[in-house]
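A short write-up of the structure that comes next.
The values are calculated or read from the model by the stated rules, or taken from the named source; none is laboratory data. This one's a predicted model, so the numbers in the text were calculated from it and none came from an experiment. No Cβ is skipped: glycine too gets one built from the backbone with ideal geometry, and neighbour counts run over all protein chains shown. Note: accessible area is taken over every heavy atom of the protein model, side chains too, but ligands, DNA and RNA are not part of it. Shrake-Rupley method; radii C 1.70, N 1.55, O 1.52, S 1.80 Å.
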Amino acid sequence: MTGTLLCAVSGTGLAVADDGRVELALGPTSSPQARRAADRDCVNHVRTHRPVLSLTFDDGPDPRYTPAVLDLLRRYAARATFFVVGANAAAHPGLVARMRAEGHEVANHTHDHAHLTEIGDAEVRDQIVRGRRVVGDVGPRLLRPPVGRTSASVSRVARSLGERQAFWSSCLEACLHDGARVGGTGLGEALEPGAVVLAHDGGRVEGRWAQEYPRDQTVEALPHLLEALAGRGLSSVPVSELVRVGRVR
């Protein structure tokens with residue numbers, strides 16, 4: 001089973017969205033191929049023979065979930081990339097500082113979790129710039145558009161700001177329909193080197209794009225995923241490191 005199929009749902013015309021919900025797979029960003037068409041330089045996964053992949057976490061930091069995620073990553077000596085919402089990062093700077101202190105990468109998920117394909121170029125630029133201002137310029141300039149939605153125009157704005165779009169090849173939340181243990185273990189046993197795994201350490205976003213999702217099952221599944229990866233000799237490294245050891249796809 002390929003990484004892309006790990007995020008699929010049985011049936012026609014369905015896909016799993018950024019937040020784990022099922023939605024119609026319509027529009028310009030419903031697949032890695034469509035995202036590559038919008039931005040040839042974006043990251044979906046990396047072709048590599050080295051035993052590494054990237055775990056990534058979106059929508060935090062969130063004091064209800066992020067500390068537990070960090071504890072688990074530390075227990076398994078795994079390093080990840082956290083795509084933080086700027087407003088959340090500004091509200092919880094201590095969690096961002098802990099991410100960096102423990103060897104993780106902190107990247108841009110816009111300031112307000114903005115759906116970039118629904119707004120004009122000026123607002124896209126503002127959301128990216130404000131998100132970057134909170135994240136800072138430490139490390140590579142990676143951007144994950146919320147809900148994975150991009151377009152040629154969004155890509156042009158991101159590129160003009162020096163931001164490289166990074167998506168995913170597999171989704172942890174999409175695998176949890178049979179429970180956290182089964183889903184986490186199954187995903188860990190199926191992943192291949194070079195995969196980029198989407199998960200979430202944040203559930204709450206306030207404002208125009210408000211959302212509230214529980215992430216307890218993600219936290220429950222994570223040790224099973226990490227245990228399965230460790231048993232196969234696979235390590236998690238930040239996206240920027242993964243990109244350096246293979247060919248971006």
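The table for this structure:
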| quantity | calculated |
| --- | --- |
| Check on GLY207, out of contact with any strand residue (DSSP E or B) (no Cβ under 8 Å at 6 or more places or on another chain) and part of a loop (DSSP other than H, G, I, E, B) | yes |
| Selection status of GLU220, open to solvent by 50 Å² or more (accessible area, probe 1.4 Å), among the acidic types (Asp, Glu), assigned to a helix (DSSP H, G or I) and in contact (Cβ under 8 Å) with a residue 60 or more places away in the chain | no |
| Selected residue (only one of ALA228, ALA158 is among the hydrophobic types (A, V, I, L, M, F, W, C) and open to solvent by 10 Å² or more (accessible area, probe 1.4 Å)) | ALA228 |
| Residue count, segment 137-163 (criterion: closer than 20 Å to ALA89 by Cα and without any contact (Cβ under 8 Å) to a residue 24 or more places away in the chain) | 1 |
| Only one of PRO193, PRO214 that is within 17 Å of the chain's Cα centre (by Cα) and free of Cβ contacts under 8 Å to residues at least 40 places away in the same chain | PRO214 |
| Top-ranked residue of segment 116-131 - restricted to ones that are farther than 14 Å from LEU143 by Cβ and among the small types (Gly, Ala, Ser), ranked as least open to solvent (accessible area, probe 1.4 Å) | GLY120 |
| Inter-residue pairs, beta-carbon under 6 Å, first without any contact (Cβ under 8 Å) to a residue 12 or more places away in the chain and in segment 74-95, second open to solvent by 10 Å² or more (accessible area, probe 1.4 Å) and in a helix (DSSP H, G or I), 6+ apart | none |
| Scan of segment 34-92 for residues that are more than 25 Å from LEU116 (Cα to Cα) and among the aliphatic types (A, V, I, L, M), ordered by number | VAL52, LEU53, ALA68, VAL69, LEU70, LEU72, LEU73, ALA77, ALA78 |
| From TYR76, TYR65, residue being open to solvent by 30 Å² or more (accessible area, probe 1.4 Å), among the aromatic types (Phe, Trp, Tyr) and either at negative phi or in contact with a His (Cβ under 9 Å, 6 or more places away or on another chain) (or both) | TYR76 |
| Residue that is nearest to GLN217 (Cα to Cα), among those in segment 47-62 that are polar (S, T, N, Q) and open to solvent by less than 10 Å² (accessible area, probe 1.4 Å) | THR56 |
| Considering residues of segment 22-70 that are among the aliphatic types (A, V, I, L, M) and at pLDDT 95 or above only, the residue nearest to the chain's Cα centre (by Cα) | LEU55 |
